[in-house]
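Report on one structure; see the data block that follows.
Read-outs: derived from the displayed coordinates by stated rules, not from any lab. Not measured: the values here are computed from a predicted model. As a convention, Cβ positions derive from the backbone with ideal geometry for all residues, glycine included, and neighbour counts pool all protein chains shown.
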C-alpha cells in the first residue's frame with residue numbers, strides 16, 4: 001500500500017471516516033479502531049475540524065498539538081498544563097484560557 005498523503009486528524013474524524021466504510025466492511029483492526037473512536041470521541045467531526053482550525057490560528061498550536069487536545073478535551077488549566085509540559089515550550093496562561101474557551105464552544 002502506497003501512502004499518498006499524510007494528514008493529522010482527530011479521533012472524531014477517524015470515527016467519521018470509518019463510518020463511511022461501514023461496520024460490515026471493516027476488518028478487525030478497523031472495527032477495533034472504530035469502536036475506540038466511537039467510545040472516546042467527545043464532539044462530532046465537524047466541530048473537531050472547527051476547533052482544530054481555531055486552535056492552530058488563534059492559539060498558534062501545531063496540528064499535532066491541537067489534535068491531541070481535541071482528542072482528550074481537557075476541562076481545566078491544570079489538565080491543559082499536563083499536555084503543554086510535554087511540548088517543551090512555554091504556553092502562557094492567557095493562551096491556555098483561550099484554548100479552554102475554544103473547547104467549550
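Measure nothing but the geometry: give the 0 to 90° angle between the long axis through the Cα atoms of 93-104 and the longest principal axis through the Cα atoms of the chain, rounded to 10°.
Orientation of helix 93-104: about 40 degrees from the principal axis.
With a ≥ b ≥ c taken as the square roots of the eigenvalues of the C-alpha gyration tensor of region 46-98, please select rounded if a/c is under 1.5 and otherwise prolate if a/b is larger than b/c or oblate if it is not? Show your work: numbers first, answer last.
On the way: a/c = 1.57, a/b = 1.41, b/c = 1.11.
Taking the square roots of the gyration eigenvalues as a ≥ b ≥ c, region 46-98 is prolate.
Determine the distance separating the Cα centre of region 53-105 from the Cα centre of region 1-51; give it in Å without decimals.
If we compute the Cα centre of each part, the gap is 22 Å.
Among 29, 3, which comes first, second and so on when ranked by fewest other beta-carbon atoms within 10 Å?
Numbers: 29 8, 3 5.
With the fewest neighbours first, 29, 3 line up as 3, 29.
Let me make sure I get this right: for the chain, a, b and c are the square roots of the gyration tensor eigenvalues over alpha carbons, sorted descending. Under 1.5 in a/c it's rounded, otherwise prolate if a/b > b/c, else oblate. Which is it? Numbers along the way, then the final one.
On the way: a/c = 2.29, a/b = 1.96, b/c = 1.17.
Prolate shape, in that a/c is at least 1.5 and a/b is the bigger ratio.
Classify region 1-62: rounded, prolate or oblate, from the alpha-carbon gyration tensor (a ≥ b ≥ c, eigenvalue square roots; a/c under 1.5 rounded; otherwise prolate if a/b is larger than b/c)? Show your work: numbers first, answer last.
Working: a/c = 2.82, a/b = 1.62, b/c = 1.74.
Oblate, because a/c is 1.5 or more while a/b does not exceed b/c.
Relative to the longest principal axis of the chain, what angle (0 to 90°, nearest 10) does the C-alpha long axis of helix 63-72 take?
Computed tilt is about 80 degrees.
Helix 45-59 sits at what angle to the longest principal axis of the chain, using alpha carbons and giving 0 to 90 degrees rounded to 10?
Taking the Cα atoms of the chain, the angle to 45-59 is about 30 degrees.
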